[in-house]
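S.K.: To start, I am sharing the structure in question, which I have written as structure tokens.
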Amino acid sequence: MSDPTSQANYTEIFTEHCAFKWNVDFTNKKITGSVTHDLHVAKDGVREVIFDTADLDIHSVEVEGNTVSYEVKAKHPIMGSALHIPLPSGLKSGSSIKVLINYQTTKDCTALQWLEKEQTQGKSFPYLFSQCQPIYARAISPIQDSPSVKIKYSAEVTSVLPALMSAIRQSPPSTGPAHDGRVIGKDEVTYVYHQPIPIPSYLIAIAAGNVVYRPFPRHPGKAWTCGIWTEPELIEDAYWEFSEDTARFLASAEEIVVPYRFGVYDLLVLPPSFPYGGMENSCLTFLTPTLLAGDRTLVDVIAHELTHSWFGNGVTHADASHFWLNEGWTTYIERLLLQVLHSPADRGFSFIIGYKALQDDLEMYADKPKYRRLVIEFEKGEDPDDAYSGIPYDKGANLILHLERTLGGLDVFLPYVRDYVSTFMGKSITTQEWKEHLYTYYEKNGGAEKIKALDSGWFYGEGLELPVKMEYDSTLAESAYRLAERWDSSRSVEISKLEFSENDMNNFSSTQKVVFLERLQSYKPLPSSHVEHLASLYKVSATHNAEIRLRFYQFSLADPTSPAAQKYAVEGADWVIGGGTGMVVGRMKFCRDVFRAVYKVDKDLAVDAFQKAKNSFHPIARKLIEKVICIFKTHSDSFQVLTLSF
Ligand code: BES
Ligand code: ZN
């Protein structure tokens, strides 16, 4: 029953608190320092503590102040190297013990990306940021890297550039002078952080660069604070994009669930290579700069990340097999927030968009049907990144929506949601524990019989359909569907006789444009000339909105043999590698999907483009793009390209 992605012996002895002392060395691109673990003994006579590590140089280890010898085991390709540290004999369950490890990160660190100054907005200072989910915290510190272990932490980070962590800043104050009034890029300042709430290791995060802070206005009656960090060049735009909605969303989420516990909810807009849309690091959500659309249309990502404060950061999945408890619940509540703050039609619209992503991802796993399940029983050492897709998000959210509807709507469902969160707050749970609570709750409060026949296909189904046909409010989708249908039925009309106009989408929101382009993909590919005509009328290949641009490339590359596909494959590849500027579109949702589509049209183009920009991608993105374009690292560290036929 232990975590399939970890080698730590956390059921015998586990960390309660970590104290990090780090020095950020931008010159040599490494973090050097130490971690002190306060461990709680859970089994009488335990003789060693085992930590996960990946590509770390361990210098020395002390147990209760005494230097000890230790063993770093051979590296497992996914789980890394287990660090075995002997403990004194006779330890009693319930006692505690301190272990200090001196170490440094190495150039192979998968969790960190070190950016050159050219890869930042300001182009004047380097930048560092981390991404620890799902299993990369072990690459920045020896740790029991399982979400079943929840730790408090403190950190003293010394750096020549302002440093941020996923915790509460103790000093210098966020609202004080940048870099404590010292010379940025030259003087060392020690940043002190404290995370008093136990969190899973994947929420440990660090960023350091030329960043500034701007607080959002206080929300009436709330003790928590919100604000935004970014490079000075983006602070105005970022503040405008998010200052209206963040505190309002957080306050609404508190109404739906229970009060926010982390005290601070700040946002950090990262450089473009950040590999996700958002990452819910505690106290400090990390965001891709592609959200700065200039029209506040992508704030649903904020709604999503802040919802994790309860689902994930509060109630945590026990291990990768139950990842859907984090993402499915979060997606369900994110869409409920949209219903409360916008309209019921917005909620339905999000489910419609999600359903398309779900179908695509279910199809993608034709060779790996196990990953189509909601509950994936991982083998020991299997890579959770291989299973990462929209399935836990949308199958999960649909399951919860189905329960809401079956049990009688929000009036009877929301009290259950509150009870669920209150029951498991601070704990890490499995699907079984979630399910037992659900049934117990409705047995107590009436209604359990309505979900007695819950189809096990929700959890273990490997098909392309959900066990229940779901209906969504399609008000906002209709106009997009109609326009797509007109294009489909005009496929044999000559270009000169086509009756489309550049104003067709004037009244469309950017999400409706997305749905229009997605709907087109459900038809047979349009003739090449029509694709080009559509692109020139609607300017969808030049838009700054990455969500629209991605859908355009997916649509225009659908028929690999068409001249339009050849043309837009070149454009698409150039877009994601940043046209040679080093400013790649690093969000995997965009770059990986564009690489996948380009690869189907022109393998060499995809591989060449990737080779050009490889070093600008985040190590995680690099690893996952290499998989979609079938490049595998060989032992000699040179690249081997496998040509697979599709
Ligand atoms: N926690 C995830 C990101 C993640 C998941 C990183 C698994 C590594 C492993 C985050 O909350 C997320 O879901 N981000 C989404 C945005 C969201 C609006 C669906 C993303 O990045 O696309
Ligand atoms: Zn999420």
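The values are calculated or read from the model by the stated rules, or taken from the named source; none is laboratory data. Computed from a predicted structure; not experimentally measured. Neighbour counts are summed over all protein chains in view; Cβ atoms, including those assigned to glycine, are modelled from backbone coordinates with ideal geometry. Side chains included, ligands, DNA and RNA excluded: accessible areas come from the protein's heavy atoms. Shrake-Rupley method; radii C 1.70, N 1.55, O 1.52, S 1.80 Å.
S.K.: What are the extents of the Cα atoms of segment 342-471 along their three principal axes, in Å, largest first?
M.R.: Taking the Cα atoms of segment 342-471, the three principal extents are 43, 38, 28 Å.
S.K.: Here is a follow-up. With the cut-off at 22 Å, report for segment 175-333 the share of all Cα pairs above it, as a whole percent. Intermediate results must be reported in sequence, preceding the final value.
M.R.: Numbers: 5306 of 12561 pairs.
The share of Cα pairs beyond 22 Å in segment 175-333 comes to 42 percent.
S.K.: Taking the Cα centre of segment 316-460 as the origin, how large is its charge dipole in debye, to the nearest 20, when only Lys and Arg (+1) and Asp and Glu (-1) carry charge on their Cβ atoms?
M.R.: Working: 16 positive and 23 negative charges, 104 e Å.
Using only the charged Cβ atoms, the result is roughly 500 debye.
S.K.: Counting only complete DSSP H runs, which helices of the chain cover 18 Å or more along their long axis at the Cα atoms and score a mean Kyte-Doolittle of -0.5 or above?
M.R.: 324-341, 344-364, 391-407, 410-424, 563-576, 588-601
S.K.: Here's a follow-up. Heavy-atom accessible area of residue 405 with all protein chains present, probe 1.4 Å, nearest 10 Å²?
M.R.: Only protein atoms counted, so the area is about 110 Å².
S.K.: Once you have the alpha carbon radius of gyration of segment 1-201, what is it after dividing by 2.2 N^0.38 Å, with N set to its residue count?
M.R.: Details: Rg = 17.5 Å, N = 201, 2.2 N^0.38 = 16.5 Å.
Rounded to two decimals, the normalised Rg is 1.06.
S.K.: So, one more: Simple spin-label model, 7 Å along Cα-to-Cβ: residue 261 to residue 28 in nm?
M.R.: 3.9
S.K.: Could you let me know the centre-to-centre spacing of segment 317-333 and segment 28-66, using Cα atoms, in angstrom?
M.R.: 29
S.K.: Hey, another quick one. Per DSSP H run of n ≥ 4, the term is -39500 (n - 2.57); total these for the chain, divide by its residue number, and report the mean residue ellipticity at 222 nm rounded to 500 deg cm²/dmol. Please report the intermediate quantities before stating the final value.
M.R.: Values: 17 runs with 211 residues, N = 646.
So the calculated ellipticity at 222 nm is -10000 deg cm²/dmol.
S.K.: Now a separate question. Sorted by accessible area (1.4 Å probe), largest first, how do 504, 367 line up? The partial results should precede the final answer.
M.R.: On the way: 504 40, 367 145 Å².
Solvent-accessible surface, decreasing: 367, 504.
S.K.: Another question, if that's okay. List the GluC sites (Glu not before Pro) within segment 348-457 that fall in a DSSP loop (any state other than H, G, I, E or B) and whose Cβ has at most 15 other Cβ atoms within 10 Å.
M.R.: Details: sites: 363, 377, 379, 382, 404, 433, 436, 443, 449; in loops: 377, 379, 382.
Passing sites in segment 348-457 are 377, 379.
S.K.: Give, in nm to one decimal, the length gained when the segment between residue 357 and residue 62 is fully stretched (0.36 nm per residue of separation minus the Cα-Cα distance).
M.R.: Details: separation 295, 0.36 × 295 = 106.20 nm, distance 4.93 nm.
In short, 101.3 nm is gained.
S.K.: Okay, moving on. Name all residues of segment 150-176 having a backbone nitrogen under 17 Å from the label point set 7 Å from the Cα of residue 225 along its Cα→Cβ direction, giving them as ranges.
M.R.: 163-176, by backbone N distance to the label point.
S.K.: Any idea which of 613, 264, 291 is furthest toward the positive side of the dipole for the chain, if Lys and Arg beta-carbons carry +1 and Asp and Glu beta-carbons -1?
M.R.: Going by the Cα projections, it comes out as 613.
S.K.: Tell me, what is the FRET efficiency for residue 182 and residue 48 to the nearest 0.05, using R0 = 41 angstrom and their Cβ-Cβ distance as r?
M.R.: Working: r = 43 Å, r/R0 = 1.05.
After rounding, the FRET efficiency stands at 0.40.
S.K.: To make sure I understand the rule: partners must be lysines, Cα under 19 Å from the Cα of residue 43, and not fewer than 8 residues away in the same chain. Which ones qualify?
M.R.: Filter leaves 92, 98, 150.
S.K.: Using a 1.4 angstrom probe on the protein heavy atoms only, line up 75, 152, 469 by accessible area, largest first. Could the numbers behind the result be given before it?
M.R.: Numbers: 75 115, 152 85, 469 165 Å².
Result, largest first: 469, 75, 152.
S.K.: How big is segment 477-634 in terms of Cα radius of gyration and Dmax, in angstroms?
M.R.: When restricted to the Cα atoms of segment 477-634, Rg and Dmax are 16.1, 55 Å.
S.K.: On to the next question. Have a look at the DSSP beta bridges in segment 1-201 and tell me what percent are antiparallel, nearest 5. Please report the intermediate quantities before stating the final value.
M.R.: On the way: 57 of 64 bridges.
Antiparallel: roughly 90 percent of the beta bridges in segment 1-201.
S.K.: Further question: Among 189, 133, 164, pick out the residue whose Cα is farthest towards the positive end of the charge dipole of segment 113-201, where Lys and Arg carry +1 and Asp and Glu carry -1 on C-beta, about the Cα centre.
M.R.: 133
S.K.: Something else about it: What distance in nm lies between label points placed 7 Å from Cα along the C-beta direction at residue 456 and residue 497?
M.R.: Result for the modelled spin labels: 5.8 nm.
S.K.: At a probe radius of 1.4 Å, what is the per-residue accessible area of residue 627, in Å² to the nearest 10?
M.R.: For residue 627, the solvent-accessible surface is approximately 80 Å².
S.K.: Radius of gyration and Dmax for the chain's Cα atoms, expressed in Å?
M.R.: 24.9, 87
S.K.: Of the accessible area of the chain, with the probe set at 1.4 angstrom, what percent is carbon plus sulfur? Present the calculation step by step, with values, prior to reporting the outcome.
M.R.: Numbers: 12460 of 25160 Å².
Answer for the chain is 50 percent, counting heavy atoms of protein chains only.
S.K.: With the crude spin-label approximation of a point 7 Å out along Cα→Cβ, what separation in nm comes out for residue 412 versus residue 2?
M.R.: That separation, rounded to one decimal, is 4.4 nm.
S.K.: To the nearest 0.05, what FRET efficiency results for residue 38 and residue 432 with a Förster distance of 25 Å applied to their C-beta separation?
M.R.: Numbers: r = 30 Å, r/R0 = 1.21.
About 0.25, to the nearest 0.05.
S.K.: Do any of 29/123; 152/370; 380/623; 356/614; 356/469 go past 25 Å between their Cα atoms, and which? Numbers along the way, then the final one.
M.R.: Numbers: 29/123 17 Å; 152/370 35 Å; 380/623 20 Å; 356/614 30 Å; 356/469 14 Å.
Beyond 25 Å between Cα atoms: 152/370; 356/614.
S.K.: Place a point 7 Å from Cα of residue 237 in the direction of its Cβ. Which residues in segment 551-587 have their backbone N less than 14 Å from it?
M.R.: Label zone hits: 583-585.
S.K.: Same structure, new question: Could you give the size of the charge dipole of segment 510-628 about its Cα centre, using +1 on the Cβ of each K and R and -1 on the Cβ of each D and E, expressed in debye and rounded to the nearest 20? The partial results should precede the final answer.
M.R.: Numbers: 18 positive and 11 negative charges, 81 e Å.
Dipole about the Cα centre, nearest 20: 380 debye.
S.K.: Still on this structure, please answer the following. Report the antiparallel proportion of the DSSP beta bridges in the chain as a percent, rounded to a multiple of 5.
M.R.: Antiparallel: roughly 80 percent of the beta bridges in the chain.
S.K.: Would you work out the charge dipole size for segment 1-201 about its Cα centre, treating the Cβ of every Lys and Arg as +1 and the Cβ of every Asp and Glu as -1, and quote it to the nearest 20 debye?
M.R.: Values: 18 positive and 21 negative charges, 57 e Å.
Charge dipole of segment 1-201: 280 debye, to the nearest 20.
S.K.: Any idea of residue 79's accessible area? Nearest 10 Å², probe 1.4 Å.
M.R.: Using a 1.4 Å probe on the heavy atoms, I get roughly 10 Å².
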